[in-house]
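Down below is the structure, laid out as structure tokens.
The values are calculated or read from the model by the stated rules, or taken from the named source; none is laboratory data. Fair warning: this is a prediction, and the values are worked out from it, not measured in the lab. All Cβ positions, glycine included, derive from the backbone under ideal geometry; neighbour counts span all protein chains shown.
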Amino acid sequence: MPRDVGELLSLLDLETIDDNLFRGAQQDSVLPRVFGGQVAAQALVAASRTTDPAYVVHSLHSYFLQPGDTGAPIVYDVEELRSGRSFATRRVLARQHGRPIFVMTTDFQKPEDGLEHQDAFPDDVPAPEDCFDPQAGRGEELSEWGAISMRYVGSSADLLPEDPQRPGRQRFWLRIDGELPDDPLVHAAAFAYASDMTLAGAALAPHGYRLGGPDIMIASLDHAVWFHEPFRADRWWLYDQHAPRATGGRALINSRAFTEDGRLVGSTAQEALLRRARESSR
Amino acid sequence: MKVPEPTPLREPDQGAVDELVELLDLETIDQDLYRGSNVYTPRGRVFGGQVAAQALCAGIRTVPEEFGVHSLHSYFLLPGDPSIPIVYDVERIRDGRSFLTRRVAARQHGRAIYFLTANFQREEEGFSHQDAMPDVIPPAEGLDLVELMSVRGNSDAEALGREWAALAVRWVGNSKHGLEPDGLAGPHHLVPPPLPRRPLVALRPVVAVGAVGSRSGDRAGLHRGRDAGRHGGPGGPDQATRIAQQACNS
């Protein structure tokens, strides 16, 4: 896991093995398996390496297939599905030990103008400096997440205004902690990386469980990201998470990313596997 | 515009429903390889939902019954040709104990027109919660979409009603008419304020919407196929029109 921006950037800087074939490095981690956001971000970088820079990523859809091994690099195999005039589509298979661990399809668009609107930035969100830092006072366990700062705004179980219509909600402020280079792809990949964090908390809020507890097993089943417009991932963005439904061991979490000046710059959708520890066997 | 009164719900058109079921009943060509038929459409390309449904059926054919589909993700790549069948090629990405994953390529004329990845889960118990259902009018009080299009002067309304006879669509409202603000999808059709932002390098060169015919700046050898007509229609000023346009254009 990246302890600082430099380590995050080196994770995103893939080695080229051949045309459409890349290798992503690992870093020391206390995690038993590779963090999903890292695989998604590296796969996005691999796809971008095969795409004309005039095309900008606008969405990705992915499934997590197997736990990634933190002790071995990951190979990213890119297939060109479409190279059209307005859109380019790539599929990326992430492999370790000869087996696929992750599959992503991602779409790039030549920028164009069109209709524009957005949801309003939510009311009554305290500024990042007025929010709780969940990493403060915790030791080695969280130091390996040093490249990312987070501030807890609240969930439907505690600090958020009550909304009985929507029992599963959570908000965080997030940013990459340090200066990233200006390349928009780096910011998109960093957003993809961080966007896999904290989501299950929104789904657990109605059930009296918290992220990171010993009594709960969590895995990301899939991850989808829409990059509405480029933004700086190294400035605070509000991650507004909403879990409309949990059933059958699965929960859906729809989330929106707003910059501090109120722009809706990204959306994500993830289905998470939630098991009480005693039920856990995959 | 004169707004019509809601009409009584139609009797289901069993012939149309049978035709839909037939569309979903794929022919097996080989293991993990299927063929789906097409129906006549005056719209020039295959409706995206049909390709998605047939591709899903192809995936389902390759998984044991005790696994149920719980999600799919897909991209539309090229317009589908309604005059010939569509071939669905299934790849088994994962066969796990709790989860199975399938990827389906839809092909016509030797080219992929659509890709779908779907996940299947062995049934299990777990946490359960959900959002409350919004407070809405029942179907019988909603306007029939085809009639609404007709009132709005869409000359294709009748033909569309025949082609879509298997579906009943009742208009509940949109954020301009009929829906209450709910903080999520309410009347927040705001263009965001033009606040100064620190620009990123290579930020959004402007391309006119109408200029899709021009082709420039592409790296040599990148384009192997023709460009896609993009799935989905132009946005309209309100949702009924948008739904209708999507139905017409997809």
key: Verdict on A:R91 being of a type outside the set (A, V, I, L, M, F, W, C), in a strand (DSSP E or B) and either on the phi < 0 side of the Ramachandran plot or within 9 Å of chain B (Cβ to nearest Cβ) (or both)   = yes
request  = Evaluate segment B:51-63: report whether one residue or more is under 19 Å from A:L65 (Cβ atoms), more than 9 Å from chain A (Cβ to nearest Cβ) and in a loop (DSSP other than H, G, I, E, B).
outcome  = yes
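Kindly indicate whether any position in segment B:10-24 is buried (at least 19 other Cβ atoms within 10 Å of the Cβ) and modelled with pLDDT of 95 or more. Talk me through it step by step, then tell me what you get.
Applying the first criterion (buried (at least 19 other Cβ atoms within 10 Å of the Cβ)) to segment B:10-24 yields none.
No, there is no match, as no residue in segment B:10-24 is buried (at least 19 other Cβ atoms within 10 Å of the Cβ) and modelled with pLDDT of 95 or more.
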message = Checking the conditions here, which among A:T247, A:T259 is modelled with pLDDT of 95 or more and touching a Ser or Thr at 6+ places or on another chain (Cβ under 7 Å)?
response = A:T247
request  = Just need a number here: residues in segment A:112-155 that are surrounded by 15 or more Cβ atoms within 10 Å (Cβ to Cβ), more than 10 Å from chain B (Cβ to nearest Cβ) and in a loop (DSSP other than H, G, I, E, B).
outcome  = 8
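Any residue at all in segment B:200-213 that's among the hydrophobic types (A, V, I, L, M, F, W, C) and either at pLDDT 85 or above or touching a strand residue (DSSP E or B) at 6+ places or on another chain (Cβ under 6 Å) (or both)?
Filtering segment B:200-213 for residues among the hydrophobic types (A, V, I, L, M, F, W, C) gives B:200-203, B:206-209, B:211-212.
Now restrict to residues that are either at pLDDT 85 or above or touching a strand residue (DSSP E or B) at 6+ places or on another chain (Cβ under 6 Å) (or both): none.
No: zero hits.
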ask   = Inside segment A:84-137, can you point out the residues that are farther than 21 Å from A:A189 by Cα and hydroxyl-bearing (S, T, Y)?
value = A:S86
task = Could you please let me know if B:R61 is of a type in the set (K, R), surrounded by 12 or more Cβ atoms within 10 Å (Cβ to Cβ) and closer than 29 Å to A:L221 by Cα?
result = yes
query = Does A:R175 satisfy the criteria of being assigned to a strand (DSSP E or B), closer than 24 Å to A:P134 by Cα and among the basic types (K, R)?
reply = yes
ask   = Can you tell me which residue in segment B:88-120 is farthest from the chain's Cα centre (by Cα), limited to those that are of a type in the set (K, R) and farther than 12 Å from B:L56 by Cα?
value = B:R97
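Out of the strands (runs of 3 or more DSSP E) lying entirely within segment A:188-253, which hold 2 or more residues that are within 11 Å of chain B (Cβ to nearest Cβ) and surrounded by fewer than 22 Cβ atoms within 10 Å (Cβ to Cβ)?
On the way: elements: A:216-220, A:222-227, A:237-247.
The strands (runs of 3 or more DSSP E) meeting that bar are A:216-220, A:237-247.
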inquiry  = Every residue in segment A:49-87 that is small (G, A, S), buried (at least 18 other Cβ atoms within 10 Å of the Cβ) and more than 9 Å from chain B (Cβ to nearest Cβ), please.
reply    = A:G68
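Just to be sure, is B:V151 more than 12 Å from chain A (Cβ to nearest Cβ) and under 24 Å from the mean Cα position of the chain (by Cα)?
No, not satisfied.
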